[in-house]
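Read through the structure below, which is laid out as structure tokens, and then see the notes.
The numbers here are math on the coordinates, done by the rules we state, and not lab data. Please read all numbers here as calculations on a predicted model, not as lab measurements. Here the Cβ positions follow ideal geometry from the backbone for every residue, glycine too, while neighbour counts run over all protein chains shown.
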């Protein structure tokens, strides 16, 4: 099973609200403890 936070009303990890990774392809869960850069935004497909 996979849960995409961008398709949910709200997702949390240890009480912190998760920020969904940009774009439709990636399903990343971004919290204050995760550092980028993150793929998915315009211009990031080449790296």
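Checked against the criterion of being out of contact with any helix residue (DSSP H, G or I) (no Cβ under 8 Å at 6 or more places or on another chain), surrounded by fewer than 10 Cβ atoms within 10 Å (Cβ to Cβ), at negative phi and without any contact (Cβ under 8 Å) to a residue 60 or more places away in the chain, the candidates 31, 12, 35, 44 yield just one match: 35. Looking at residue 23, is it surrounded by 10 or more Cβ atoms within 10 Å (Cβ to Cβ), part of a loop (DSSP other than H, G, I, E, B) and at positive phi? The answer is yes for residue 23.
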